[in-house]
1. What's the number of the only condition in (1) among the basic types (Lys, Arg); (2) surrounded by 20 or more Cβ atoms within 10 Å (Cβ to Cβ); (3) within 13 Å of chain B (Cβ to nearest Cβ) that A:Lys109 fails to meet?
2. Sort through A:Ala186, A:Ala179, A:Ala172, A:Ala160 and tell me the only one that's closer than 15 Å to B:Glu280 by Cβ and in contact with a helix residue (DSSP H, G or I) (Cβ under 8 Å, 6 or more places away or on another chain).
3. Taking the conditions exactly as written (under 23 Å from the mean Cα position of the chain (by Cα) and either exposed (fewer than 15 other Cβ atoms within 10 Å of the Cβ) or modelled with pLDDT of 95 or more (or both)), does B:Leu351 satisfy them or not?
4. Which residue, of A:Ile136, A:Ile145, is in contact with a strand residue (DSSP E or B) (Cβ under 9 Å, 6 or more places away or on another chain), within 22 Å of B:Tyr241 (Cβ to Cβ) and buried (at least 24 other Cβ atoms within 10 Å of the Cβ)?
5. Quick one: which of A:Ile28, A:Ile130, A:Ile125 is within 14 Å of chain B (Cβ to nearest Cβ), closer than 20 Å to A:Ala152 by Cβ, at pLDDT 95 or above and under 16 Å from the mean Cα position of the chain (by Cα)?
6. Please enumerate the residues belonging to the range B:290-315 that are under 29 Å from B:Leu147 (Cβ atoms) and either touching a strand residue (DSSP E or B) at 6+ places or on another chain (Cβ under 8 Å) or away from every other protein chain (no Cβ under 12 Å) (or both).
7. So which pairs qualify, if the first residue must be in the range B:367-395 and without any contact (Cβ under 8 Å) to a residue 60 or more places away in the chain and buried (at least 18 other Cβ atoms within 10 Å of the Cβ), the second must be basic (Lys, Arg) and not in a helix (DSSP H, G or I), the Cβ gap must be under 7 Å, and the two must be at least 6 apart or on different chains?
Amino acid sequence: MKQTKEPAYRVLTGPEGLLPPAAAIMGIRLPEEGEGLVEGRIVEEEKAMEAAAIAMLTRKNPTLFPGPLMIWGWNEHTREKAKPFFDVAHEIPGVRIIPMPDYRPIYPKIDPEAVINPCHPNLTIWHNKIEACVFIGVHCHFANITLKMIRAGTNCYTIALCAEAGHEDAMASVPHFNAEKLQKFAETLRRVKKNGVKPLYEGKGIIPSGWAQIAGLTGADITKPEEEMVEAGVQSEFAHDLERGLDENEE
Amino acid sequence: MSEGVEEEVKTNPQGDVITAAPKAPKEEAKKGAAAQRVVDPDYLFLQAPREKTFITGSEAAKEAIRRANVDVAISYPITPQSETMQQVGYLYAEGYLKDYYRGEEEYGVMSAIAGASRSGVRCLSATAGPGLMRGLEVISSWPGGRLPCVLLIMCRVINAPLAIQPDNVELSYMLNTGCLLFHAENQQDFYDYALQAFMIGEKPEVTLPVAVAVDGFFVTHARGWVSLPAADIKLPPRDCYHEAVPMMDNENPPIRISRDAPIQKSNFISYQMHASWQQEIWAAQDRSRKWIDRWFGGLIEVVNPKAKIMIVASGSAVSQSREAVRQAAEQGVEVGLVKIKSLRPFPTRELIEATDHAEKILVPEFNYVGWLAKEVKSTIGRNERVISGPRVFGGMSMPTELILEYIFGSKQY
C-alpha cells in the first residue's frame, strides 16, 4: 500500500530522550535509488548530499566513522572506495577519522579517541564532542542500533552513506552508496563551499585521533614499551588497556 | 516362492497397503535440477508463464522449494508437516538441495537451522503444533540473530487432549517472536508465499526469518488448483554478503552472542544496546512491507470494499468466508471480506482504512483464544464494532452457515 501522507515524526538531532523509537516504526520509509532522506523526509539524492555536506562543514568536530566494509580491503568494491573516501575527508577541514573496525564488544574499556563501538557509540560522540558524523561501510544492523543510541543521548547530526537500502534513523542518508557516489559527495562538499558555506575549521586538515594515528604521524614506534610511549607523548589516557588487549569476559 | 504360499502384504494401521519405498533416483533423475537456470525474482513471481495443476498443499510447498534454490533443509517429522518434508526429501534425492537431514527433535532442528543460516546459506525447516512449541525458544532467537530462513508451519492442535487435527492457536505464540509471519489461505498461497518468503527475508534491510503458516489438513492434505511457472527456473542463490550483519564471522555479534553474551552485562549501557537491538528487529519487519506489497500484491486483499458488514480473516477461514459472502449475496445482502495475508508485519494502516466505514466486523477463526480478533480490536478505532467470532477449534471445520448466523444474527442458517 502506497503511503498517502507524510508521517508526523521527524528524525532530528537529539538528545531525544531515554529510548527514541525506531524511525521505521514511526512511518519513515527508506529512499529509492536517486533519492535520499533528510530528517525523515524523502528528498532528491543531491539534496540529501547537500544537507550532509553542510552539516559536516559547519558543525563542531566533524568525524568520519568508517566501518569494516570500508576499512578492510577484502574485495574490489571496498578497495575502490578507499581513494574517494579520502577525497571526501580532505574536503572537510578539521575532520577526524575514527574507525568502527568491527562489532566486537569492548565494554567496559574503550579508547573513544581511537574507535567507536556499536555497544556504546555515544561514549565516542560525547568524549570528542562530535556534532556531525558520517557512518560508511557499517553493516546495516549495527548502523541502525548505533544511530538510535546517538539520537537518544547526544546532539550529533548523523549521516549514513549506505551501500544497501539506506537508514531511516540517520538525519541524512543516501542508499546504494558506491565509489561513484563518494566522488559525488566530495564534489558536493566543494560546491557548497564555493556557494558560500564557510567551514567552521577552515584551513585545518585531517585531525589525527587516537594513539595509533598520532603515533603514526609523529613517527613514534608503537611497538615500544608503554613507558616510552608515554614519554613520547603519543599515548592517550585511555590507551593502556587497549594496547595490551582486553579481558573480554571481565565484568 | 513356492506355489500355494501367499506373499505377505504389509499394511498400515488403517489397512492401507504399504508399497515399497521409492528407490533413490539415478543420475538421470538429477538432470532436472542441473538444468535449472537462475532468473530474476520479479520474473519468477510475477511474469513467468504459469500452468494450472491440481495438487495438495504439501505438493505446492514442494514446488516452491524446487524453485527456491535452497541449500539445506532440516526438520523433524510431525503430523501434518511430515508429508511436506518427505516431498522435500525427494527433491534432495533429485539434486535440488545440497543437504537434507532429520534432526533429533525440534529444539535441535531449529538450532541447526540457526547455525546453517549463520553460515550464509539458504535454509528451510517445517514443523507443526507441538513441534513448533518445542522449537519456540530457538525460533524466538532467530530474529535477534538476524538469521534469514524459512519455516513452514502446518497448524494443528497443540493442547491436551492431544489431537492432530487443524487448529491454529500456535500462531498466537509466533506473533511476538520477531519473525515475519504469513498465513496462506490455500494451496496457491502456500506455493507463492513460501517461495517469495526467501527473497523477502534475505533483503539487506530486512534480514529476518520468515514463517509461512497454513492450516493443516484443510490445505496440506487437500488438493486445489495451483498455477505454477516452469520447473526449469529458480531463484538466485542467497547473497549473505549483502545482509544486515556479517555472516560466517565467529568473532563478531550476533554469532558471538552465543559465545559470551557480551552485551548482557548489568548496566545501563548494555540495556540500551539491547533495547536498540530489539527496536531494530521490529523496524526491519516494517521494512518488509515494501516487498510484500510488491510480490503479494499487498498485505491484505479486500472483497466488496463498501459493504457495511465486513469479515476479517486469515488462513483457511478466508475460504469459508468467501463462500459465506457468496451465500449472503444470494440473500440480497452485501458482505465484505478483508483477507489478511501478512500477520507480521500486521497491516495496521490497511485494516484501519478497509474497515473504517463498516458497521459490523466479524472475525472467524480456527482457534479458541481468538488471537486475530484481539489483533483487530487493538488496531482499529471504535472496536465495539468487532464481533469476535465465529470460532471453531480442536479439529472442527467451520460451516459457512455458522458465519451466516453471525452475519444475520439468527439461527435460520
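The values are calculated or read from the model by the stated rules, or taken from the named source; none is laboratory data. All figures in this text were calculated on a predicted structure; none of them were measured in a lab. Here the Cβ is made from the backbone with ideal geometry for all residues, glycine too, and neighbour counts use every protein chain on show.
1. Of (1) among the basic types (Lys, Arg); (2) surrounded by 20 or more Cβ atoms within 10 Å (Cβ to Cβ); (3) within 13 Å of chain B (Cβ to nearest Cβ), only one is false for A:Lys109: (2).
2. Answer to the selection: A:Ala160.
3. In short, yes.
4. A:Ile136
5. Just a single option satisfies the conditions, and that option is A:Ile125.
6. B:Ile292, B:Trp295, B:Phe296, B:Leu299, B:Ile300, B:Ser314, B:Gly315 - these are the residues of the range B:290-315 that are under 29 Å from B:Leu147 (Cβ atoms) and either touching a strand residue (DSSP E or B) at 6+ places or on another chain (Cβ under 8 Å) or away from every other protein chain (no Cβ under 12 Å) (or both).
7. If the second residue must be basic (Lys, Arg) and not in a helix (DSSP H, G or I), the pairs left are B:Gly370/B:Arg391.
Okay, residues lined up against (1) of a type outside the set (Asp, Glu); (2) outside any loop (DSSP other than H, G, I, E, B); (3) in contact (Cβ under 8 Å) with a residue 60 or more places away in the chain; (4) on the phi > 0 side of the Ramachandran plot:
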{"site": "B:Val88", "(1), (2), (3), (4)": "yes, yes, no, no"}
{"site": "B:Gly108", "(1), (2), (3), (4)": "yes, yes, no, no"}
{"site": "B:Ser117", "(1), (2), (3), (4)": "yes, yes, yes, no"}
{"site": "B:Gly120", "(1), (2), (3), (4)": "yes, no, yes, yes"}
{"site": "B:Gly131", "(1), (2), (3), (4)": "yes, yes, no, no"}
{"site": "B:Leu136", "(1), (2), (3), (4)": "yes, yes, no, no"}
{"site": "B:Ile158", "(1), (2), (3), (4)": "yes, no, no, no"}
{"site": "B:Ile164", "(1), (2), (3), (4)": "yes, no, yes, no"}
{"site": "B:Ser172", "(1), (2), (3), (4)": "yes, yes, yes, no"}
